[in-house]
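None of the figures in this text is laboratory data; all of them are computed from the coordinates on show. Since the structure is predicted, the reported quantities are computational estimates derived from the model, not experimental observations. As a convention, Cβ positions derive from the backbone with ideal geometry for all residues, glycine included, and neighbour counts pool all protein chains shown.
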Amino acid sequence: MAVDDVTFTIEAGETYGLLGPNGAGKTTTISMIAGVLRRDGGGVDVLGEPIGSGGSAAKASIGLVPQEIALFDDLDAVENLRFFGRLQGMSKRDLADRIDEVLEIVGLSQRRRDRVSTYSGGMKRRLNIAAALLHRPALLILDEPTVGVDPQSRNQILDSIERLGRDGLSVLYTTHYMEEAERLCTRIGIMDGGRMIAEGSPGELETLTGRADLESVFLSLTGSDLRD
């Protein structure tokens, strides 16, 4: 049993943090939400519409940023985004305008015609986010998007996510960095052993456990350090 009776809701404009030690079931949960992994039971709704095991309109409302970089190194940023936009069924006219918008959001406008092979790891992750935003999703899922990136790219990513939340986008965010969860997330769900063991705002979780900071809350609930 990888995930057992996990239930939560993300409101419009909310950034929801999903935390847990390695093996807690976070990536499995995300994969089922995005429709990448078949569920044995339960359901997922986006904008009130269920996501089936096959293609669906609800699935098209999700933008997924996986842990692994999903880009073509021999193409430039515009060519990568054009490819992914066409997969989403976007028209050429809409896609051209949207590429400019998402490159501005992630701070890569000046590198739009450079091959991805020349990008740093942080820049590639920012372009991955841009690809997930192209089709204007209602829910953006980010699975540890700042792992191994340089400080400048990390700040750019966090700034972009804050801006997207203010613009009304719902975000599901997993991270191994407590300071990111405290900065970005209005609510946090903590998973362990495939189950949701606690949920609330950072302040509510601290009150629940009697701990003064989110890192201590996590340790008291799971018995492990988030980065172990």
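Around the Cα centre of the chain, unit charges on the Cβ atoms of Lys, Arg, Asp and Glu (plus for the first two, minus for the last two) sum to a dipole of about 880 debye. Based on C-alpha pairs under 8 angstrom that are at least 6 apart in sequence, the chain has a relative contact order of 32 percent. Across region 127-228, Cα-Cα pairs farther apart than 23 Å form 31% of the total.
Per the Debye calculation on the chain with a single equal scatterer at every Cα and no solvent contribution, log₁₀ I(q)/I(0) for q = 0.12, 0.13, 0.16, 0.17 Å⁻¹ amounts to -0.66, -0.77, -1.14, -1.26.
Region 17-74 and region 186-228 have Cα centres separated by 23 Å. Taking 10 °C and 1.306 mPa s as conditions, region 141-200 diffuses translationally at an estimated 127 µm²/s according to Stokes-Einstein applied to its Kirkwood radius (Cα pairs).
Take every pair of alpha-carbon atoms less than 8 Å apart whose residues are at least six positions apart; their mean separation over the length of region 45-134 yields a relative contact order of 36 percent. The relative contact order of region 130-200, computed from alpha carbon pairs under 8 Å that lie at least 6 residues apart in sequence, is 30 percent. From helices alone, the chain scores -11500 deg cm²/dmol at 222 nm; the rule is -39500 (n - 2.57) for each run of n ≥ 4 DSSP H residues, then divide by the residue total. In this structure, the amide hydrogen of A24, modeled 1.01 Å from its nitrogen in the peptide plane, lies closer than 5 angstrom to no residue at least 5 positions away or on a different chain.
Treating each Cα of region 105-176 as one equal point scatterer and applying the Debye formula with no solvent, the log10 of I(q)/I(0) at q = 0.23 Å⁻¹ comes out as -1.10. Between the listed residues T174, L139, Y119, the Cα displaced farthest toward the positive end of the dipole of the chain, a dipole computed from Cβ unit charges relative to the Cα centre, is found at Y119. In the frame of its principal axes, region 1-131 has Cα extents of 46, 33, 26 Å, reported largest first.
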